[in-house]
Structures are given as structure tokens and as C-alpha cells.
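Shown next, in C-alpha cells, is the structure this report addresses.
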Amino acid sequence: MEAISKRFFLYLSNNKLLDGLAKRWGTKFGADKIVGGETFSHAIPLIKKLNHDGLLVTVDHLGEFVNSVDEARERAQECLQSIRAIAFHQLNSQVSVKLTSLGLDISQELVMENMELILSEAKEHGVTVTIDMEDSSRCHATLEIYKALKQKYENLGTVIQSYLYRSDKDVDDLDSYEPYLRLVKGAYKESTKVAFPDKRMVDENLKRLIKKNLLNGHYTAVASHDDAMVEYTINLVKEHGIPRDRFEFQMLYGMRNQMQTDLVKEGYTVRVYLPYGEDWYGYFMRRLAERPANIAFAIKGIFSK
Ligand SMILES: Cc1cc2nc3c(=O)[nH]c(=O)nc-3n(C[C@H](O)[C@H](O)[C@H](O)COP(=O)(O)OP(=O)(O)OC[C@H]3O[C@@H](n4cnc5c(N)ncnc54)[C@H](O)[C@@H]3O)c2cc1C
């Protein structure tokens, strides 16, 4: 049953007609429980509320692939505006970006030009930027860009996915760059040529990577909704006397709200990943596919509006 609903929602996530209808309809039918709104301005009151509740934020302007240079430049401009708004409204928020949305598939010059614009604006306002990790075919290019930019910009993080065989070596290679790393299990469909097929191995590898990056002395964001990962991290930092300002937990907006609140109450840093933008439909459907239990609040959303 779970496999069927997963395939069903993944199929829906690529449906252009529904995507068009969703854009007209707005985030009303439940998507507002996991998406911050259609524009950054819509998201501002929510970010203020999350900050007020002790949660830090990283915003992500939804939309991955761009088809033209102009579109990639528009995405960079949107990012600049969100950085300016974060500074103006004194929000405690970082920014997450996807390199494909800034032109990675078009040209190296374009993506570097856009990243330089974003990072210098972010540096001026003291905002940290994290480069999300996309599918494995873009991992090498993403890490090379990260390394090149990290030498110039302190305020830059990226992501390592524990399902990839290469990740252990990547964490070693990044050591000398004093990386700010978000560690995740990995969200894309990957072949067994590059990724562990067995979920238990992905989980074990995430624990190994958390330990390695923390013991290397680098700031670590453990991005998982999994109790086992949170518990592992808490035990590890206690065992090694790692201070609380050297790591944080990250979770998606709308997921495991109680756990987020409990961790804040216990004095841990928790950052919420808050996506916003007109292209919310695909993101919403992929989250439903990932966790069919989310269907309940989506249906409730339709009938309660
Ligand atoms: C802040 C953040 C940023 C991310 N950035 C990236 C990125 O840049 N690139 C990338 O590839 N992936 C990214 N991911 C996605 C990540 O790779 C995983 O696909 C995703 O987080 C699912 O794995 P998990 O560790 O949360 O839990 P899973 O392995 O999916 O689940 C483990 C267990 O956790 C519990 N659980 C999980 N989700 C929920 C829930 N919603 N409610 C209640 N219990 C739950 C259940 O008990 C479940 O059995 C990001 C995730 C987060 C949280």
C-alpha cells in the first residue's frame, strides 16, 4: 500500500496540469502546513513566529531546474532579495540554494557569477548560505564549487548525503576547508553503483559521518527526523564533551513539530528548513510520497478552508 501511494504521489508531482491548477489555487489545500507561502513576504510573519518560539530558520526558494541564463539570474535576484529582507526584518534565518537553479547545468561561469553575487550580499549582512546537495551526477561539481568559494567566503555551508559510497572520503577531503556541513541521508533515487541499497547501511553511515565531522572539530548540522539520529548525536556530544554551539539539528518545516519544540526546551539549537515560492506543488507531492502519513493533514487542510 505504501509503495503504491509513494508511486502515485511521485507521479502526481510531475503532473503539469495539476501543477498549473495548484499555482492558481494557492497553497490552501494543506501545503501551507509544510510550505512558507508563495513569496518571501508571505513567509516573513511565519519566520518571525518560528524565531519567537526559539527555532532558527533556513529558507529555500522552491524550483530546481532552470532552462535559460535569464531564469538563473532571476533566481539569483530572488535570493538577494530574501537576504536583504532577512537583514531588514532582523530574522534569524539562513538561506539554502540549489546550484541547478542558479545555472549549474548551463555553465560553470554562470553559476559562479550568481553564487559570488549571493555570497557577497550575504557576507555584508552576516547571513550564512548553504548549498543543498542534489542528485549524485551533480555531487562532484557541487563540492568543487563549494571548495572554490569556501576559500573566499566563510559564510558558506554544504550538504553530504550518507547514502553515497563516496561521502566518507568527501568528508575527509573537506577537512582542511573547515566546512560547515549539513549531514543528511539523501533524498534522490540513486543506483546501487553509487549509493547503499540497504537503508540500515545508510543510517550507519550517517552516524559515522556525524562522528567524523564533529570530531574533526567542524560545525555540524544533523538534518534528520529520525529519533535514532538525534539520540545518537546527543549521546556522542555528551561522551566527547562537544559544546552545544558546535552543532545543531535541522528538520523540515511542519515535520516532527513536537520533537523540534522538545529539543529547543532542552537547550539544543534547532533550525527549520522552510521552503517558499510558487513552485511549491512538486515539493508538496514529494513530501506526501516520502511519508504517506502526511496525507492526513493535507486532506484536513482541504476541508477546513
Ligand atoms: C533540513 C533538511 C535539509 C535537507 N537537505 C537535503 C539536501 O540538501 N539533499 C538531499 O538529498 N536531502 C536533503 N534532505 C532530505 C534527507 O536526505 C532525507 O531524505 C529526509 O530527511 C528523510 O530522512 P530522515 O533521516 O529524516 O528519516 P527517514 O530515514 O525517512 O525516517 C526514519 C524514521 O524517522 C521517523 N520520521 C521520519 N520522518 C518523519 C515525520 N515526518 N514525522 C514523524 N516521524 C518521522 C520515522 O520513525 C522513520 O521511520 C534534507 C532533510 C532535512 C531535514
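A compact table of results
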| read-out | value |
| --- | --- |
| Unique match (being over 23 Å from residue 109 (Cβ atoms) and surrounded by 15 or more Cβ atoms within 10 Å (Cβ to Cβ)) among 167, 176, 191 | 167 |
| Test: residue in the range 116-128 that is of a type outside the set (A, V, I, L, M) and within 24 Å of residue 166 (Cα to Cα) | no |
| Condition met for residue 113 (over 17 Å from residue 246 (Cα atoms) and acidic (Asp, Glu)) | yes |
| Long-range neighbours under 7 Å by Cβ, at least six apart or interchain, first residue free of Cβ contacts under 8 Å to residues at least 40 places away in the same chain within the range 50-78, second β-branched (Val, Ile, Thr) and buried (at least 17 other Cβ atoms within 10 Å of the Cβ) | 75/66 |
| Cβ-Cβ under 9 Å pairs, at least 6 apart or on other chains, the range 255-278 side more than 13 Å from residue 60 (Cβ to Cβ), far side within 10 Å of the ligand (Cβ to nearest atom) and part of a loop (DSSP other than H, G, I, E, B) | 255/34; 255/225; 255/291; 256/225; 259/225 |
| Unmet requirement for residue 152, which otherwise passes all of (1) in contact with a helix residue (DSSP H, G or I) (Cβ under 8 Å, 6 or more places away or on another chain); (2) part of a helix (DSSP H, G or I); (3) under 17 Å from residue 180 (Cβ atoms); (4) not hydrophobic (A, V, I, L, M, F, W, C) | (2) |
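All of the numbers you see were taken from the coordinates with simple rules; none came from a lab. Keep in mind the model is a prediction, meaning the values are calculated, not measured. Glycine gets a Cβ as well: all are built from the backbone with ideal geometry, and neighbour counts include every protein chain shown.
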